[in-house]
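First the structure, in the form of structure tokens, and then the observations on it.
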């Protein structure tokens, strides 16, 4: 089908009217609302479970410009819930995978991708280019950073989170006197209060449903219809199949937000799941053979073990040095822009190394089974 390009944001052409005719037939919606969507822009922080469904429904709805910020790559374990990606995208950046899917779904959408991690240094510059921000992140540090940036920029923030069979949705900072994320949680919870992903897990449909509810709030804000979750938190329990709404008001305990420097510690002390990201030796082999230039492998066995045999291209970095905290700058400099994998004999020391590096905000993936599986079975040594 040949699509006619319509760069005029103030009108819909015939192809667009056909595409969105189920919207246009709604008496509460109509052409004016569709044009509002076309003229609007939304950035999604995260293209994982929440982002997958939210992005796809917003793209299908006809938003003019979509931003996607995510520095992670697609892994096979993502596909249980991150339905915007597929098997062919394993090893590719989630932003690139999501952009390709959007273009297949709705080529009218303009897509801007950001593969660099959102930090206090680039958050304001990145978010200011969009009308609405949708938080689909999976850690507290990013949530506080995005929230504070939206308060400074006076941007509406669509909040979503999932845990197990339950999810939450809210809209923060919609108006001058609206509550924000810090009115819900003024400061990050202490480590240990948040159960690990390994303990909790998540049912695949949970982020899908919550992501769609986030998309619904975005649409309502843009078209100025319906009741928005401003000052409300919607909690949905999938096991009990019930919803409840709680009131949220501005808290006197919530810290004032003037810049991204004063509360920087909240962004840096991110609380992620404590379990280490791992990859099977079979999945690693595929990445090794197809994307070797985009990864770096640190072999954390001792020097004498490494010298006996090692994987081609791997770098010796004994666990003993990591424990002494003498190698962090070396790792950061050596691995700039690359996905880091840790390797040992059987996969035990590499998990320990990944945990230690994680505490220093260095994201790594431990290779299951170690060199005994990877090297011998796959003939990579």
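Listed values, structure above:
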| quantity | calculated |
| --- | --- |
| Counted residues, the stretch 60-74 - those being surrounded by fewer than 20 Cβ atoms within 10 Å (Cβ to Cβ) and under 16 Å from the mean Cα position of the chain (by Cα) | 2 |
| Residue within the stretch 110-117 that is in a helix (DSSP H, G or I) and assigned by TED's automatic domain parsing to the domain that holds residue 205 present | no |
| Of all residues in the stretch 313-331 being within 13 Å of residue 297 (Cα to Cα) and not in a strand (DSSP E or B), the one that is modelled with the lowest pLDDT | 331 |
| Filter pass, residue 131 being in contact (Cβ under 8 Å) with a residue 40 or more places away in the chain and under 17 Å from residue 229 (Cβ atoms) | no |
| Boolean, residue 365 is touching a residue at least 60 places away in the same chain (Cβ under 8 Å), more than 22 Å from residue 72 (Cα to Cα) and surrounded by 15 or more Cβ atoms within 10 Å (Cβ to Cβ) | no |
| Output for the stretch 339-357, where each listed residue is within 22 Å of the chain's Cα centre (by Cα) and in a strand (DSSP E or B) | 339, 340, 341 |
| Selection within the stretch 277-307 - in a loop (DSSP other than H, G, I, E, B) and either out of contact with any helix residue (DSSP H, G or I) (no Cβ under 6 Å at 6 or more places or on another chain) or not assigned by TED's automatic domain parsing to the domain that holds residue 318 (or both) | 277, 280, 291, 301, 302 |
| Filter result for the condition that a residue is in contact (Cβ under 8 Å) with a residue 12 or more places away in the chain, in contact with a helix residue (DSSP H, G or I) (Cβ under 8 Å, 6 or more places away or on another chain) and surrounded by fewer than 22 Cβ atoms within 10 Å (Cβ to Cβ), over 57, 93 | 57 |
| Residue check for residue 260: in the same structural domain as residue 141 (by TED's automatic domain parsing) and in contact with a strand residue (DSSP E or B) (Cβ under 6 Å, 6 or more places away or on another chain) | no |
| Residue match in the stretch 202-223 (condition: more than 25 Å from residue 47 (Cβ to Cβ) and assigned to a loop (DSSP other than H, G, I, E, B)) | no |
| Selection status of residue 28, more than 25 Å from residue 123 (Cβ to Cβ) and in a loop (DSSP other than H, G, I, E, B) | yes |
| The one condition in (1) over 13 Å from the mean Cα position of the chain (by Cα); (2) in a loop (DSSP other than H, G, I, E, B); (3) more than 20 Å from residue 340 (Cα to Cα) that residue 145 fails to fulfil | (2) |
| Selection from the stretch 66-90 of residues that are in contact (Cβ under 8 Å) with a residue 12 or more places away in the chain and in a helix (DSSP H, G or I) | 76, 78, 80, 89 |
| Condition check for residue 322: buried (at least 19 other Cβ atoms within 10 Å of the Cβ) and either touching a helix residue (DSSP H, G or I) at 6+ places or on another chain (Cβ under 8 Å) or in the same structural domain as residue 357 (by TED's automatic domain parsing) (or both) | yes |
| Of residues in the stretch 327-338 being over 14 Å from residue 315 (Cβ atoms) and within 25 Å of the chain's Cα centre (by Cα), the one surrounded by the most Cβ atoms within 10 Å (Cβ to Cβ) | 328 |
| Any hit, the stretch 101-119, residues being in contact with a strand residue (DSSP E or B) (Cβ under 6 Å, 6 or more places away or on another chain) and at pLDDT below 95 | yes |
| Selection from the stretch 172-181 of residues that are in contact with a helix residue (DSSP H, G or I) (Cβ under 8 Å, 6 or more places away or on another chain) and touching a residue at least 60 places away in the same chain (Cβ under 8 Å) | 180 |
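The values are calculated or read from the model by the stated rules, or taken from the named source; none is laboratory data. These numbers come from a predicted model, not from an experiment. Methodologically, a virtual Cβ is constructed for each residue, glycine included, from the backbone with ideal geometry; neighbour enumeration extends over all protein chains shown.
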